[in-house]
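Comments concern the structure below.
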Amino acid sequence: MSKTKRALPEDIDITDPRDTFSPPEATEPSAVDYAMNDLQNASRTLLENAPQLSVGDIQDLTQIMEDLQSTVEAIRKPF
């Protein structure tokens with residue numbers, strides 16, 4: 001019998017996921033899931049309402065695009 005198994009109390013079953021003390025799997029959407037959904041909705045809204053946007057919005061949109069590009073590059077970086 002291994003030292004680890006001997007060190008565990010008798011009432012702990014290492015094959016039972018409730019006794020492994022691992023965090024439960026997330027069943028709720030994460031903050032990233034919500035952010036991606038919001039981003040997609042915002043993008044569609046801006047595209048549909050492009051004629052109503054002003055020239056002043058171009059600077060804001062350009063900054064947002066640069067931020068998104070930086071995010072994409074950060075995600076790709078490990079690969």
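Computed quantities for the displayed model
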| quantity | calculated |
| --- | --- |
| Cβ-defined net charge surrounding LEU46, 14 Å radius [Lys, Arg +1; Asp, Glu -1] | -3 |
| Where labels lie 7 Å past Cα in the beta-carbon direction, separation of ASP38 and ILE75 in nm | 1.6 nm |
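No value in this document is a laboratory result; all are computed from the given coordinates. These numbers come from a predicted model, not from an experiment. Reconstructed Cβ throughout: ideal geometry from the backbone, glycine too, with neighbour counts over all protein chains shown.
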